[in-house]
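Everything on this sheet refers to the single structure shown next.
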Amino acid sequence: MSENRLSPGDAAPDFTLSSDDGSSVSLSELRGRKVIVYFYPAAMTPGCTKQACDFTDSLASLQAAGYEVLGISPDKPEKLAKFRERDALTITLLSDPDKSVMQAYGTFGEKKMYGKVVQGVIRSTFVVDENGKVEVAQYNVKATGHVAKLQRDLGLAG
């Protein structure tokens, strides 16, 4: 399976997905703002929880710098709602159950897990600029410490 990886300068594939509260969110509706779109394997797992909590803790400073944060996983909206409630998350959580958005971003495919090659969600983060172009494309990111590293990469270290 060829991986359709994005690079800086590429047009970010547009999408419309359901959020945990049932509303729809489209990337194109956020034109004029910078958007951090991150993909994670599963709500309520330790690494994904850490990453979502880090993004939530950093949301005010990211928003002050003009960024919105969208977290995308294959989980159903009901599970995302539980995740938000359990961990008091303030970022936007979106559901991609058929993984079509993940495929468009090259974030679903072969990855190594405990030494085995499996098909799954590749933890990845993209920064989309005000015009809908990819500014940063990071694949295989670590859950812990990623948000702080991203902020440094963006010159936002707090």
If we keep only residues of the stretch 107-131 that are under 22 Å from Phe55 (Cα atoms) and either free of Cβ contacts under 8 Å to residues at least 12 places away in the same chain or of a type in the set (D, E, K, R) (or both), then the residue surrounded by the most Cβ atoms within 10 Å (Cβ to Cβ) is Arg123
Q. In this structure, is Val147 among the hydrophobic types (A, V, I, L, M, F, W, C) and touching a helix residue (DSSP H, G or I) at 6+ places or on another chain (Cβ under 6 Å)?
A. yes
Subset of the stretch 115-158, residues under 19 Å from Thr56 (Cβ atoms), in a strand (DSSP E or B) and touching an Asp or Glu at 6+ places or on another chain (Cβ under 7 Å), comes to Val127
Criterion first (modelled with pLDDT under 95 and of a type outside the set (Val, Ile, Thr)) does Gly120 satisfy it? yes
Turns out the strands (runs of 3 or more DSSP E) fully within the stretch 32-113 with at least 3 residues that are modelled with pLDDT under 95 are 108-113
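Of the residues that sit in the stretch 1-53 and are aliphatic (A, V, I, L, M) and farther than 15 Å from Met102 by Cβ, which one is surrounded by the most Cβ atoms within 10 Å (Cβ to Cβ)? Quick ask: steps written out before the conclusion?
As a first pass, look at the stretch 1-53 and keep what is aliphatic (A, V, I, L, M): 1, 6, 11-12, 17, 25, 27, 30, 35-37, 42-44, 52.
Now drop any that are not farther than 15 Å from Met102 by Cβ, which leaves 11, 25, 30, 35-36, 44, 52.
Working: Ala11: 11, Val25: 17, Leu30: 17, Val35: 22, Ile36: 23, Met44: 15, Ala52: 27.
Step by step, filter the stretch 1-53, then rank; the result is Ala52.
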The residue from Ser58, Ser95 that alone is in contact (Cβ under 8 Å) with a residue 60 or more places away in the chain, within 25 Å of Thr16 (Cβ to Cβ), surrounded by 20 or more Cβ atoms within 10 Å (Cβ to Cβ) and touching a helix residue (DSSP H, G or I) at 6+ places or on another chain (Cβ under 6 Å) is Ser95
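The values are calculated or read from the model by the stated rules, or taken from the named source; none is laboratory data. Source: prediction; values computed, not measured. Because the Cβ atoms are built from the backbone with ideal geometry, glycine has one as well, and the counts that use them run over all protein chains shown.
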